[in-house]
1. If each residue's Cβ is checked for other Cβ atoms within 10 Å, how do W412, W180 rank with the fewest at the top?
2. Roughly how many nanometres apart are two label points built 7 Å out from the Cα toward the Cβ at Q216 and D410?
3. Pulled fully out, how much extra length does the chain show between I452 and R247, if you take 0.36 nm times their separation in residues and subtract their Cα-Cα distance?
4. If I model a spin label at H259 and R276 as a point 7 Å from the Cα along the Cα→Cβ vector, what separation in nanometres do I get?
5. I'd like the FRET efficiency for T507 and Q386, computed as 1/(1 + (r/R0)^6) with the beta carbon distance as r and R0 of 22 Å, rounded to 0.05.
6. If we count other beta carbons within 10 Å of each Cβ, what is the order of T310, T26, fewest first?
7. Could you work out the relative contact order of region 13-169, using alpha carbon pairs under 8 angstrom and six or more residues apart, expressed as a whole percent?
8. Can you grab the distance from the C-alpha centre of region 377-441 to the C-alpha centre of region 247-289, Å, no decimals?
Amino acid sequence: MSAVRPRAQKLSSQIFLAQLAILTTTIAVGFLLFAHAERSQLDTQYEARAASIAQTVAAVPQIQRCMETHAAGCGSTIQSIATVISRATDASYVVVIGMNRVRYSHPIAALIGQQVSEPIATVDGRVHLSIDNGSTGRSANGKAPLYGPDRAMVGEVSVGIRESSVVQALWSELPSYAAWFGIALSIGALASFGLAAHLKRRTFGLELDEIVQLLQEREATLHGIREGVIAFDESGRVTVVNDEAHRLLMLPANAIGSHLRDIIPEGRLRSVMEGRDNHEDDIVLTDDLCLVVNRMPVVLQGRAHGAVVTLRDSTEMTGLRSELAGERGLTDSLRAQQHEFANRLHAVAGLLQLGRGDEALAYLLEIGATAAEFDNALRTQIAAPQIVGLLLGKAAKASELGVELVIAPDSWLSETPSSVQALVSIVGNLVDNALEALVAVPPPRRVVVSIIEEADAMTVDVADNGPGLPRGAGQMVFADGYTTKDGERRGLGLAIVHRLVTRLHGTITASEGAGAHLAVRLPKPRPVDVAEGVS
């Protein structure tokens, strides 16, 4: 059986223990450095104290006279005075040395009268401080020059204070400083605990392994899905962008951290992303793509944190939908023609059964003349088979809706016009838009289509006798999503037409007021131009 993996320590505990270890180490090192500095300072103080005692001894008149005259009994006098001063000042030794380096006093009696190994240090007339490792042990040492009554130098006085005295002074001071360092450590530990708890709350209670796993899953998910994802904070600054969003929106490499208004141009796409005009599964047209856009606000703990926008490329789906709509339109046209022909046959059969052959013949001639007139006018003026087939289907649909579809007398189109695929889409959408506008209009209802091919351009005019466009909607009508129908989110037909016309460097205008009239002008490509494909 495999061993159970030990539970990882909590993030707050790790942070607290790490900071506590850092604080403890830092304070311990600081305390040791402080103790060393304090020890050095005490050494200096005790050296100065020893020097002061040495100067005091050097100023005693009896010692000065004895050292100058070397009278009988001076040795005991000097030793007696040195012993008294040593006991009074707690010095470890008070040594009086002559210019011949002979000791005249010393705490060890056997060394009196013996020469010191080092030369006289105070011949320069100055006081000398040092740490001495002499016969009495390690001590802070101070040496002062000794002058006789006539101010001639007769020796020096060396005074030492035991190291144990310095250490004892140090240990007497360290506890109070240790208490202050302990208080500082306690305050730091409390602050570390508070910081760890705060960071724990800021990370929503997640542990380190969970944060790492969450980040890995986030990156894998963002860059693995086929939908574009872009997130931004409440100020509109981009925080997350995946690869698909870069491709669909053609964002710069430095998109993360940029403001939304700096990377998305003004238009309906930015309006939807900012939440000013967004609905579920909004369809937005760009120059090259048809996008399905969804915006979801992000709210954490009751506070807004921006929004996440998903983008799905439906260009191919829209193309398939358009082709399917065309096939359905053709099917509906055939169905309408079949229905119309069946009605006419029933009418003729009824007349023949009633024995009214002359009336049946007159009816057949009438409907034949009407159909032949439209078909003849269409085929005479329009040579392109794609446009002929389109208009025949639209005529059947218009007839079923009770709308008269008329080809303007000045229409003319060659058999192979330029950008014929785009022309089919433009004419089809404009006619469909006109037929939809006439659904709620009482008869007579009429749509007039004019297609004129000139030497340098093609013009397409579609006019109807419907309610027309409201004032001020002449340009808004081409925005994707705009519609004059209440409660409907449609309006893609004219937006598609506008995009096609723009890509072909043409112009499109719409009249305002009663009776809509939309005019498209497409310049013919020059011989040097590259033929433009239309998706």
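1. Values: W412 15, W180 11.
Placing the least packed residue first, the sequence is W180, W412.
2. 7.3 nm
3. Working it through step by step, the gained length comes to 69.9 nm.
4. Between H259 and R276, the label points sit 1.4 nm apart.
5. 0.45
6. Listed from fewest to most nearby Cβ atoms, that is T26, T310.
7. Numbers: 264 pairs, mean separation 43.6, N = 157.
Value for region 13-169: 28 percent.
8. Spelled out, the Cα-based centre of one part sits 35 Å from the other.
Rule-based calculations on the coordinates, nothing more; no lab input. The structure displayed is predicted, hence computed values, not measured ones. A quick note on method: Cβ atoms are made from the backbone with ideal geometry, for glycine too, and the neighbour counts reach across all protein chains shown.
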